[in-house]
Every structure is written in C-alpha cells, then in structure tokens.
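The values are calculated or read from the model by the stated rules, or taken from the named source; none is laboratory data. What you see is a predicted model, and the numbers here were worked out from it, not measured in a lab. Note that we place each Cβ from the backbone using ideal geometry, even for glycine, and neighbour counts take in every protein chain shown. Surface areas here come from the heavy atoms of the whole protein model, side chains and all, with no ligands, DNA or RNA. Shrake-Rupley method; radii C 1.70, N 1.55, O 1.52, S 1.80 Å.
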Amino acid sequence: MCTVTCIASINIAVIKYWGKRDEVLILPVNDSISATLDTDHLHAKTTVMTSSTFKEDRIWLNGKEEEIKNPRLQNCLTQIRKRARNSNQWKVHICSENNFPTAAGLASSAAGYACLVVALAKLYQIEDDITSIARSGSGSACRSVMGGFVKWCMGSESNGADSIAKQIVPASHWPEMRILILVVNDTKKKISSSIGMKRTIETSDLMQHRIKHVLPNRIKIIEQAIIEKDFKTFAEHTIKDSNQMHAVCLDAYPPVVYMNDVSHTIINFVHAYNEAVNEVKVAYTFDAGPNATLYLLEESVPEFMGVLDHFFPPGINLEQYRKGLTF
Ligand code: 2P0
C-alpha cells in the first residue's frame, strides 16, 4: 500500500482563458495569467492510494463515489501511467474534497485536477513538467499546479506539448497582494465554462478582435506590471479583461450571461470607490458566474472593508442588494 496526500488551491485569472482551439486536448486560443491563492483558504485536498488488493480504479469526490470513466479523469490517469518512472501497475483509489462549493464559478475543477495530478505524479514518481497533464483534466488546472502569479502559455504544437504553465513570480514577490471573494451566489452555474467557451468561439465576432488585437499586448503589459509591482496598471488590465470576457460572452448567440444585477452593483461600487479615493486601489474580476473576486493591496483592505461592510453588511445575502447603490 502506498498513499500520498496533497493540497492545491484555486487560482483566479486576471487575463482570462476563454475559448479552446482543441476541445479534446484542451488547448486554448490565448495565453492566460492568474494568481494561485495560498493553501489556507479555498483548496482541494486529495489522497491517492495504490494497493495490490485494489481490483479497479475508483474515485470519491466530497465523500460520494463518482464515475471513474469520466474522459477527463481518464486522460489524466493514462498520461500519468505513461510517464511513470516506477512500474507500479496497481489500481488507484482517489479521495478528493473541496472546502468550498463545487461548480459555483469558484474554479473548483482547477484546484481538483491540479491536486489530483500533483498527488498522482508523486505516487508514480514523475519529475518532469506535469502542468500539461493537469491541463488535460481542466484547462485552468495547469495554473494551480504552481503558486504565485502563473502564466499558461497557449503553445503552438498540435499535440499540446508546449501548452504548459510557468510561474511568473512566486507569491513572495508581491506579498502585499490580497484577494477578496464576494460570494453572490454559491449554487451550481447554469452554463458550464466549456459550453460557454464553445458557443463564444463559434458565434462571437468580437472574439476574433480580442484574440488577435487585444490580448497579445495586454499579456505583455500585465506581466510587466506584475514584475514591477505596478498595481494601477495591473488593476486596470484585470478589470478590462474581465469586462471583455463577459462582453464576448454577451456577443455569443444566444448570449452567455454569467453576471447578475448584484455583480453589476459590485462593479459600480468598485469604480465609485476608486473614483472617491482618486486612485485605482481595487480591481474586480468575474469568472463563469456572478461571484466577484477583488484584487487589492494589504494597505487598502481596512478602509475598503469598512466601506464594503457599510453598503453590504456582513451576514446579509448579497442577492438582496438588487437596487443600485450610490456612493
Ligand atoms: C479562467 N475560466 O481563466 C477562465 C475565466 C472561467 C472564466 O478557466 O473546459 O474549468 O475544463 O478547460 O478550466 C474555467 O474553465 O474549463 C476557466 P475547461 P475550465 O480561469
């Protein structure tokens, strides 16, 4: 019997991965950049075990047995076994738990697949790059294999060998950076990211503009802003990229809508706050759901939290705030 347990955290993209050029290999149409949260908070914890007595591969998610034949899971297992240094052919049992809601647009699959692949790689003693294996489970999972700010390079090879994630800087490079997640709604999202991406790439005219004319430059600018710890530039491009991802979603036919009135109220609130303090102190970003993630520096947290608590008192469901707020 051999057992390995790992923890991996969710990552929050500042340059969004939105659209695949190959749905089977999970190859994106653009580079993306994210920060991986530290492991104290929203994470997946996975234990993998092998034993000569196990008769088949099995998986339990949050205590419930799930289908091991899930193709994405099989992709990961097959690639891990191909690359294994040891000749362990025993069956594997996998137990994974999230300490946050699954599929609520909080990147649960990213943390889950990253954790699974890191744990399996340890079990099978794989030492080379494993981000491409995590990618084949869920695209954004490749970014959760590492901490700090991470770039997923889309790559150009048709087999996806160069579609891998690389760390831009470790978390220690910008220790003042803080992330606040405003949970607007933690129920399962209506349109999965995969379906939303597919519809956008197939039907949105604006998407081509984003890929060809916006992102190449934006990626360079935000990478430099991260290296130079230039919060203003970082925040402006984070906000613009979130808004552009949701704009191309709205340009899909039928439109793909993830944000709700509360999300828009939060957007207005953040812009009003930045204008009131005459500085870009807070950036927002939204994934495939209505929940907001805010990036801000530690020095801004007490004041911003005070104002936030005033307009969105703790303990009250944000969904109740459907009416516009004035600042
Ligand atoms: C991101 N999202 O960059 C973007 C922004 C959601 C919005 O990556 O189909 O669950 O498994 O590759 O990784 C969510 O997409 O999609 C995602 P698949 P995934 O974080």
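In units of 2.2 N^0.38 Å, what is the alpha-carbon radius of gyration of the stretch 2-170? Before the final figure, lay out the partial values.
Working: Rg = 15.0 Å, N = 169, 2.2 N^0.38 = 15.5 Å.
The stretch 2-170 yields a ratio of 0.97.
If you place +1 on the Cβ of every Lys and Arg and -1 on the Cβ of every Asp and Glu, how big does the dipole about the Cα centre of the chain come out, in debye to the nearest 20? If you can, show how the numbers build up before the last one.
On the way: 35 positive and 35 negative charges, 213 e Å.
The calculated dipole for the chain is roughly 1020 debye.
Reachable lysines from Lys64, Cα under 30 Å, same-chain residues fewer than 8 places away excluded?
The qualifying lysines are Lys45, Lys55, Lys82, Lys91, Lys122, Lys188, Lys189, Lys190, Lys198.
Out of the total accessible area of the stretch 177-320 (probe 1.4 Å, heavy atoms of protein only), what percent is carbon and sulfur?
53
With a 1.4 Å probe and every protein chain left in place, work out the accessible area per residue of the stretch 210-294 in Å², rounded to a whole number.
Details: 3500 Å² over 85 residues.
That works out to 41 Å² for each residue.
Between 0 and 90 degrees, rounded to the nearest ten: what's the tilt of helix 108-123 against the longest Cα principal axis of the chain?
The answer is roughly 30 degrees.
Under 1.5 on a/c is rounded, so check that first for the stretch 161-234, then, if it is not, pick prolate when a/b is larger than b/c and oblate when it is not; a ≥ b ≥ c are the square roots of the alpha carbon gyration tensor eigenvalues. Spell out each step's value before the answer.
On the way: a/c = 2.00, a/b = 1.29, b/c = 1.55.
Because a/c hits 1.5 or more and a/b fails to exceed b/c, the stretch 161-234 counts as oblate.
Mind putting together the pair-distance distribution for the chain? All Cα pairs, 20 Å bins, whole percent per bin, short to long.
32, 57, 11, 0
Heavy atoms only, 1.4 Å probe, whole protein assembly: order Arg218, Arg210 by accessible area, highest first.
Sorted by accessible area, descending: Arg218, Arg210.
Along the charge dipole of the stretch 177-320, Cβ charges K/R +1 and D/E -1, which of Asn278, Ile239, Gly196 sits furthest on the positive end?
Positive-end residue among those listed: Gly196.
Just the number please: accessible area per residue for the stretch 2-170, 1.4 Å probe, all protein chains included, in Å².
Averaged over the residues of the stretch 2-170, the accessible area is 41 Å².
Pairs of Cα atoms under 8 Å, at least six residues apart: use those to get the relative contact order of the stretch 104-241, whole percent.
About 17 percent, as a whole number.
Under 19 Å between alpha carbons, and skipping anything fewer than 8 positions from Lys229 in its own chain: which aspartates and glutamates qualify?
Cross-link targets: Asp38, Glu176, Asp241, Glu279, Glu298, Glu299.
Need the list of lysines near Lys232 for cross-linking: C-alpha distance under 21 angstrom, and skip anything on the same chain fewer than eight residues off.
Lys16, Lys151, Lys220, Lys240, Lys281
How big is the antiparallel share of DSSP beta bridges in the chain, given as a percent to the nearest 5?
About 90 percent, rounded to the nearest 5.
Compute the distance in nm between two label points, each set 7 Å from the Cα along the Cα-to-Cβ direction, one at Glu298 and one at Glu67.
4.7
Computing the accessible area with a 1.4 Å probe over protein heavy atoms, can you report the carbon and sulfur percentage for the stretch 2-170? Don't skip to the answer; put the middle values down first.
On the way: 3520 of 6960 Å².
After summing per-atom areas, the C and S share lands at 51 percent.
Does anyone have the angle between helix 301-311 and the longest principal axis of the chain? Alpha-carbon axes, 0 to 90°, nearest 10?
Long axis of 301-311 versus the principal axis of the chain: about 70 degrees.
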